[in-house]
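First the structure, in the form of structure tokens, and then the observations on it.
The values are calculated or read from the model by the stated rules, or taken from the named source; none is laboratory data. Nothing here was measured: the structure is a model prediction, and the numbers come from that model. Here the Cβ positions follow ideal geometry from the backbone for every residue, glycine too, while neighbour counts run over all protein chains shown. In case anyone asks, the SASA skips ligands and DNA or RNA and just uses the protein heavy atoms, side chains included. Shrake-Rupley method; radii C 1.70, N 1.55, O 1.52, S 1.80 Å.
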Amino acid sequence: MTSSPLSDLGLDLPVLAAPMAGGPTTPDLVVAAAGCGGLGLLAGGYRSVESLGDQIEDVRARTSVFGVNVFAPHPLPVDPALYRAYREALRADADRFGVELPPGPVEDDDAWSDKVDLLLASPVPLVSFTFGLPARAVVDALRRAGSVVMQTVTSVEEALLAADAGVDALAVQDAAAGGHYGTLTPDRAPSPVPAGGLLPAVRTAVDLPLVAAGGITRAGQVAAALRDGAQAVMVGTVLLRADEAGTSAAHRAALAGPDRGDTVVTRAFTGRPARALRNTFIDSHDASAPSGYPALHHLTSPLRRAAAARTDPEFVNLWAGTGYREATDEPAGDILRRLVPPP
Ligand SMILES: Cc1cc2nc3c(=O)[nH]c(=O)nc-3n(C[C@H](O)[C@H](O)[C@H](O)COP(=O)(O)O)c2cc1C
């Protein structure tokens, strides 16, 4: 790896285990990624500051090579009338699971400033952001504290904005990625993919170390991303069934079960576009779901929790990238090592 803030993190394998909020990322998964020479990121999203702090200390006690991902605020307020209509559309499902849905929109920022304060008080090697682009003062403060700062981008325009904000590296997220798109414009149709692909276009536009993410499950794809100018790749979906992952039983069963066809992009669960396995919830509600994050996340959360507790995959957000069929039940280290065969 050419010398850069990323290579200085001490990776032997150019592979990052993506942060996966909502359960799949565990301290064990992050430690396993470091154990095979890669790097894993804890998922700070949806987690209390206390719990994130505990996870950081757990990982820090076992490895010095890791990162933390935080959702940077990017409120997408929901239209209250559309919220009420969508809540009404979910009523029958909520009744069936015996759960109450929040009567009005809950708009929060996932404890943003407390999480930044935690990372300033107790710095970690790598901090990454998605959803929003933090102010330059936040980026500078984290860098001064000794962290490498990485921003998720989904277009050349976003890459240029992130470079202007002073980050050290970019996670270039392709549309094939599982889970939420980290786009800065979630209420608009995605920018057209540049001819030749997003990664080479970002490589040409921005002089920062790049990490390629989205749909990567095989060694050949890793080699292609490195040839196209990435310093490393980041994988999520291929690790969802790993032994160390905290993926719910319903999610694991759906990934391993009868083929669900192509993944789809939906805002039905959270009000922000995300790629998932198709299920009954998406088929029933995708067409009527308004934009609105995090209000829709909070609206559907009780339903999803109740469904997960019953191991019912039809009402759970089954985040998955296009490569979900390649996810395997194995130790994460074996999965990651296979992506970078020895020369
Ligand atoms: C279940 C799941 C949860 C995710 N959660 C986060 C997250 O909390 N923060 C983040 O920056 N990206 C998140 N992502 C996106 C990943 O960072 C990454 O872009 C993606 O997994 C790469 O594509 P792949 O899933 O095809 O490997 C998530 C992806 C999945 C599959």
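Worth pointing out:
- Filter pass, residue 336 being within 13 Å of the ligand (Cβ to nearest atom) and touching a residue at least 12 places away in the same chain (Cβ under 8 Å): yes
- 3 or more residues aromatic (Phe, Trp, Tyr), at negative phi and more than 15 Å from the ligand (Cβ to nearest atom): qualifying helices (runs of 4 or more DSSP H) within the stretch 1-119: 80-97
- Verdict on residue 167 being within 16 Å of the ligand (Cβ to nearest atom) and not in a loop (DSSP other than H, G, I, E, B): no
- Residue 202 being within 13 Å of the ligand (Cβ to nearest atom), assigned to a helix (DSSP H, G or I) and not polar (S, T, N, Q): no
- Breaking point among (1) open to solvent by less than 60 Å² (accessible area, probe 1.4 Å); (2) within 15 Å of residue 51 (Cα to Cα); (3) in a helix (DSSP H, G or I), for residue 140: (2)
- The listed residue being touching an Asp or Glu at 6+ places or on another chain (Cβ under 9 Å) and open to solvent by 30 Å² or more (accessible area, probe 1.4 Å), out of 185, 217, 152, 204: 185
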